Amino acid sequence: MPLALWRFLRVYRKRPGTIDPYQSTVRQACYAMLCLHQPIWETEMVSRRTLIMSGLSVAALGTAGYGLWPRLGAYTDQAMRQRQLLSADPGMMDVVRLATLAANGHNTQPWRFGVDGETLRIFPDMSRRTAVVDPDDHHLYVSLGCAAENAVLSAAAQGRGADLTIQSGPETSVTIGLRPGPERASTLYRAIPQRQSTRSIYDAEPISAQDMALLTAAAREEGVAVLFFTEPADCEAILDLVIAGNSAQMDDPAFVEELRAWIRFSPDQALATRDGLFSACSGNPVMPGWIGDLVFGAVFRKDSENDKYRDQIRSSAGIAVFVGDKADPEHWIKVGRSFQRFALQATAMGIRNAHINQPIEVPTLRPQFAQWLGMPDARPDLIVRFGRAPALPMSLRRPVADVVM
Ligand SMILES: Cc1cc2nc3c(=O)[nH]c(=O)nc-3n(C[C@H](O)[C@H](O)[C@H](O)COP(=O)(O)O)c2cc1C
């Protein structure tokens with residue numbers, strides 16, 4: 001990176017004023033790329049690293065030059081508008097908005113909501129399934145459970161009790177019947193707008209026994225077992241499986257392509273779709289989408305991703321594993337409710353979390369992981385690391401009107 005930047009500055013010094021922040025993105029980034037790469041190609045052997053770093057420099061220049069920062073402001077405004085608690089005159093649409101702030105795989109937001117008087121129904125949106133990483137729709141139904149839990153907590157804050165039932169069928173759905181109840185704006189409810197998946201390095205400090213007890217209590221759900229691992233030897237054993245799983249996924253072009261399709265490199269891309277994985281939310285650089293597409297293959301590499309997971313897991317206070325009693329959509333929804341409450345309780349205590357699901361996503365590793373857990377007949381559902389760290393930018397959600405039928 002320093003070499004590439006130095007070369008850029010050398011060219012820029014010779015032709016001052018040629019990089020103009022008000023030029024069009026395309027012209028400017030093409031020019032920056034030419035400035036960078038031409039002298040490198042002509043004068044020396046180019047290492048892969050130099051090329052990657054040059055690409056990143058171009059991305060950084062494009063970002064700064066085209067003024068992505070003001071757009072980041074628009075992004076943050078939108079995220080803040082969405083992440084409010086109930087409005088002064090709350091109704092069912094507020095409950096739906098808060099439900100959509102739930103965790104969900106790849107931020108595909110795979111749900112549709114039906115509102116009929118005092119009944120809220122949550123259906124899967126099969127057009128938003130991720131067939132490669134989630135061929136049996138496990139993550140999709142867990143995501144529905146996360147949204148259902150937010151809905152129940154938000155209804156309680158409005159003074160409505162909730163009777164939740166799960167309808168099994170070809171497309172399993174959730175029905176939440178609301179009735180008058182005591183108004184209860186719980187700690188978990190208040191944490192809904194602040195909860196996020198924080199994919200960064202944590203501070204490596206342990207969590208107190210008192211806080212662990214609160215996390216355990218919050219995650220309690222009939223039909224779901226939650227196991228906590230805080231001993232370094234256990235975390236290293238899970239790390240080995242995460243690395244094996246990540247390596248298998250990175251070697252699978254279909255997995256990489258599906259993931260890439262859900263990545264939003266620029267605030268404009270994220271604002272246009274209001275779904276997917278915005279780079280900044282994973283602590284990655286922001287850049288115009290077309291540059292992101294260009295450099296993705298060069299920077300998203302197996303070794304660097306594995307190193308990242310090593311650092312992230314070793315900096316975490318512990319790992320929680322969620323295991324449903326049965327492997328069916330009904331239990332996956334229960335797992336989602338349990339995980340969402342765990343994540344909200346953690347958020348309320350300033351504890352972050354992030355998924356490291358590779359050992360349960362790669363079918364050949366799942367039985368091995370179940371064996372290691374001492375539950376050979378179970379299908380482990382979620383693996384989540386936790387610990388303390390600063391927040392990253394919040395992810396966006398689609399408008400309520402787009403998800404209500
Ligand atoms: C079932 C499920 C599986 C997930 N799997 C992963 C994962 O493997 N890796 C990851 O980084 N995040 C994972 N996530 C987190 C989502 O990507 C995240 O919830 C989504 O992008 C929305 O962002 P937010 O949680 O910050 O609101 C998962 C979430 C759910 C509910």
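The values are calculated or read from the model by the stated rules, or taken from the named source; none is laboratory data. Please read these numbers as outputs of a predicted model, since none were measured by experiment. Methodologically, a virtual Cβ is constructed for each residue, glycine included, from the backbone with ideal geometry; neighbour enumeration extends over all protein chains shown.
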When the residues of segment 267-285 are narrowed to those that are in contact with a helix residue (DSSP H, G or I) (Cβ under 9 Å, 6 or more places away or on another chain) and in a loop (DSSP other than H, G, I, E, B), which ends up farthest from GLN358 (Cα to Cα)?
ARG274
So ALA99 fits all but one of (1) among the small types (Gly, Ala, Ser); (2) surrounded by fewer than 23 Cβ atoms within 10 Å (Cβ to Cβ); (3) in a helix (DSSP H, G or I); what number is the exception?
(2)
All positions within segment 233-251 that are out of contact with any helix residue (DSSP H, G or I) (no Cβ under 6 Å at 6 or more places or on another chain) and within 14 Å of the ligand (Cβ to nearest atom)
ILE238, ALA248
Report whether or not PRO135 is surrounded by fewer than 20 Cβ atoms within 10 Å (Cβ to Cβ) and within 16 Å of the ligand (Cβ to nearest atom).
yes
Among the residues of segment 192-218 satisfying the criterion of being more than 16 Å from the ligand (Cβ to nearest atom) and in a loop (DSSP other than H, G, I, E, B), which is nearest to PHE339 (Cα to Cα)?
ILE207
Being in contact (Cβ under 8 Å) with a residue 24 or more places away in the chain and under 29 Å from GLN210 (Cβ atoms), is that true of even one residue in segment 358-371?
no
Filter segment 286-306 down to residues that are surrounded by fewer than 16 Cβ atoms within 10 Å (Cβ to Cβ) and in a loop (DSSP other than H, G, I, E, B) and give me whichever is farthest from the ligand (Cβ to nearest atom).
ARG301
In segment 260-275, which residue that is crowded, with 19+ Cβ neighbours inside 10 Å and under 18 Å from SER143 (Cα atoms) is farthest from the ligand (Cβ to nearest atom)?
ARG274
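Take LYS334 and decide whether it is surrounded by fewer than 21 Cβ atoms within 10 Å (Cβ to Cβ) and away from the ligand (no atom under 11 Å from the Cβ). Please lay out each step first, then the result.
Numbers: surrounded by fewer than 21 Cβ atoms within 10 Å (Cβ to Cβ): no; away from the ligand (no atom under 11 Å from the Cβ): yes.
When the stated conditions are applied, LYS334 does not pass them.
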Residues of segment 158-196 being at pLDDT below 95 and among the aliphatic types (A, V, I, L, M), in sequence order, are ALA185
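Among the residues of segment 162-169, is there at least one that is in a loop (DSSP other than H, G, I, E, B), in the same structural domain as ALA103 (by TED's automatic domain parsing), closer than 29 Å to GLY117 by Cβ and over 24 Å from the mean Cα position of the chain (by Cα)?
We begin by selecting, within segment 162-169, every residue in a loop (DSSP other than H, G, I, E, B); these are 168-169.
Retained after the next criterion (residues that are in the same structural domain as ALA103 (by TED's automatic domain parsing)): 168-169.
Then keep just the ones that are closer than 29 Å to GLY117 by Cβ; that gives 168-169.
Adding the requirement that they be over 24 Å from the mean Cα position of the chain (by Cα) leaves 168-169.
Yes, segment 162-169 contains a residue that is in a loop (DSSP other than H, G, I, E, B), in the same structural domain as ALA103 (by TED's automatic domain parsing), closer than 29 Å to GLY117 by Cβ and over 24 Å from the mean Cα position of the chain (by Cα).
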